[in-house]
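Chemist: One structure, pasted below without further comment.
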Amino acid sequence: MIAKLLLSALLFIVLLYAWRTYRLAPAVGLLAVAAAIAGLYFVWVPAHATALAEFAGIGRGVDLIVYTWVVISLLMLVNLHLKLRAQMEVITALARIIALDNAARDLAVGATPRETPPALPQ
């Protein structure tokens, strides 16, 4: 019973967070709300998780939940990687524009180009 209460409390925290996140990212918020509600349901009615797992060809309900969690986590990791990569491309484009703008301004004024700072380690 303690595990059910602890898991329910954690899932309610996820539910509250998802509800607050809904305005910023509706798709993520809805998926998180759905996952939290499904998690609460399966915590309190584990026999249905087992029945669903057997229907899917998996032995236990816990295994089905863990497999689902792994897939969702990997999808989130790929999504974060793609967003980070896109942000790095935008930063690179902005740095190029600023560098070209500074060089053009220096040439227009007749000043000598500024010394470039050392490259950052990658």
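The values are calculated or read from the model by the stated rules, or taken from the named source; none is laboratory data. The structure presented is a predicted model; accordingly, all values stated were derived computationally and were not measured. Glycine gets a Cβ as well: all are built from the backbone with ideal geometry, and neighbour counts include every protein chain shown.
Chemist: Can you tell me which residue is surrounded by the most Cβ atoms within 10 Å (Cβ to Cβ) among those in the range 13-27 that are in contact with a helix residue (DSSP H, G or I) (Cβ under 6 Å, 6 or more places away or on another chain) and assigned to a helix (DSSP H, G or I)?
Modeler: Top of the filtered list is 18.
Chemist: Continuing with the same structure: If a residue has to be out of contact with any Leu (no Cβ under 7 Å at 6 or more places or on another chain) and either surrounded by 15 or more Cβ atoms within 10 Å (Cβ to Cβ) or under 18 Å from residue 72 (Cα atoms) (or both) to count, how many in the range 1-12 make the cut? Give the steps one after another, and end with the answer.
Modeler: So the first thing to find is which residues in the range 1-12 are out of contact with any Leu (no Cβ under 7 Å at 6 or more places or on another chain), and the list is 1-7, 9-10, 12.
Filter once more, keeping what is either surrounded by 15 or more Cβ atoms within 10 Å (Cβ to Cβ) or under 18 Å from residue 72 (Cα atoms) (or both): 7, 10.
Of the residues in the range 1-12, 2 are out of contact with any Leu (no Cβ under 7 Å at 6 or more places or on another chain) and either surrounded by 15 or more Cβ atoms within 10 Å (Cβ to Cβ) or under 18 Å from residue 72 (Cα atoms) (or both).
Chemist: Something else about it: Given the conditions (1) of a type in the set (Ser, Thr, Tyr); (2) surrounded by 11 or more Cβ atoms within 10 Å (Cβ to Cβ); (3) at pLDDT below 90, and given that residue 50 satisfies all but one, which numbered condition is not satisfied?
Modeler: So the condition that residue 50 fails would be (3).
Chemist: So, one more: How many of the residues making up the range 15-26 are closer than 21 Å to residue 41 by Cα, aliphatic (A, V, I, L, M) and under 14 Å from the mean Cα position of the chain (by Cα)?
Modeler: Adding up the residues that qualify gives 1.
Chemist: So is residue 32 part of a helix (DSSP H, G or I), surrounded by fewer than 10 Cβ atoms within 10 Å (Cβ to Cβ) and within 17 Å of the chain's Cα centre (by Cα) or not?
Modeler: In short, no.
Chemist: Yes or no: the range 63-70 includes at least one residue that is among the acidic types (Asp, Glu) and at pLDDT 90 or above. Can you show your working first?
Modeler: At the first step, the residues of the range 63-70 found to be among the acidic types (Asp, Glu) are 63.
This time we only want the ones that are at pLDDT 90 or above, so: 63.
Checking the range 63-70: at least one residue is among the acidic types (Asp, Glu) and at pLDDT 90 or above.
Chemist: Keeping to the range 57-83, report how many residues are more than 22 Å from residue 30 (Cα to Cα) and surrounded by 10 or more Cβ atoms within 10 Å (Cβ to Cβ).
Modeler: Number of matching residues: 6.
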